[in-house]
Amino acid sequence: MTGKTSCQHRRGISADTWPCWGTVLMECPATLVAKWAPGAASFEAIDERITRIRMGAWSWSALIGFLVTFNCRFTVEGPPELAEAARQVIGRLDVGVPLPDERAPEPVSSVRAGT
């Protein structure tokens, strides 16, 4: 299948429910989005593996959080505030996370007086 499909899906909650709305292209099939998208989200299959999702949340960071729960790569289409929130969240997640080959330091033995 190539190009956009004519099938768009919208959940039953009003679009004015959330103050922050954004649109992304997500690398996951519409069947997965249909299963897990929150109530006010709308989505359309672009092809078998790409889905455009429009959804809202109470903040831009919360919207990024919802999108991350799909565990799929995505590209922000807009608005710019959503892209900026994604950059900020990336910065917060990158701080203090050890690489897989780094080992935790050995625990320090407690030293008691007189030993």
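Couple of notes before you dig in:
- Of the criteria (1) hydrophobic (A, V, I, L, M, F, W, C); (2) crowded, with 19+ Cβ neighbours inside 10 Å; (3) modelled with pLDDT of 95 or more, which one residue 57 fails: (3)
- Qualifying positions in segment 31-50 - under 22 Å from residue 17 (Cβ atoms) and either at pLDDT 95 or above or not in a helix (DSSP H, G or I) (or both): 37, 38, 39, 40, 41, 42, 43, 44
- Restricting attention to segment 1-30, the residues that are assigned to a strand (DSSP E or B) and either modelled with pLDDT under 50 or farther than 16 Å from residue 76 by Cβ (or both) total 3.
- Boolean, residue 54 is closer than 13 Å to residue 24 by Cβ and touching a Ser or Thr at 6+ places or on another chain (Cβ under 6 Å): yes
- Residues satisfying the stated conditions in segment 74-104, i.e. surrounded by fewer than 17 Cβ atoms within 10 Å (Cβ to Cβ), within 18 Å of residue 42 (Cα to Cα) and either of a type in the set (Val, Ile, Thr) or modelled with pLDDT under 95 (or both): 75
The values are calculated or read from the model by the stated rules, or taken from the named source; none is laboratory data. Quick caveat, the model's predicted, so the values are computed rather than measured. As a convention, Cβ positions derive from the backbone with ideal geometry for all residues, glycine included, and neighbour counts pool all protein chains shown.
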